[in-house]
Amino acid sequence: MNIKGTVTIDLADYHLLKSDSEKWLNALKVADEIKEVQDMIIRGDYSKSHIVEMIRECETKLRRGY
């Protein structure tokens, strides 16, 4: 987004936008973790318990709104 000039928004709206932005960035981090799990499975470089734990961590983060 490229805004030129002055923009006025309500403080509550600002906090909502900031919160949404942080959640989006954190969701992208979780997506990277899921990709890492996928890559480990493709390489065959894993133990079942390790993969399950990584998936549970991703699920927990997503449910918390990480």
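Derivation of every value follows stated rules applied to the coordinates shown; laboratory data play no part. Keep in mind it's a predicted model, so treat the numbers as computed, not measured. Virtual Cβ from ideal backbone geometry, glycine too; neighbours counted across all protein chains shown.
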Roughly how big is segment 11-64's charge dipole about its Cα centre, with Cβ charges of +1 (Lys, Arg) and -1 (Asp, Glu), in debye to the nearest 20? 140
Of the trypsin sites (Lys or Arg not before Pro) in the chain, which ones lie in a loop per DSSP and count no more than 13 other C-beta atoms within 10 Å? K4
Principal axis dimensions, largest first and in whole angstrom, of the chain by Cα: 54, 24, 7
Whole-Hz Karplus couplings 3J(HN,Hα) for segment 12-19, θ = phi - 60° and coefficients 6.51, -1.76, 1.60, Gly and Pro as x, run 5, 5, 4, 5, 5, 4, 5, 5
Using alpha-carbon coordinates, inclination of helix 48-64 to the longest axis of the chain, degrees: 20
State, to one decimal in nm, how far the label point of A12 lies from the label point of Y46, with both points 7 Å from Cα in the Cβ direction. 4.4
Using +1 at the C-beta of Lys and Arg and -1 at the C-beta of Asp and Glu, which of G44, I9, N26 has the Cα lying farthest in the positive direction of the dipole of segment 5-66? G44
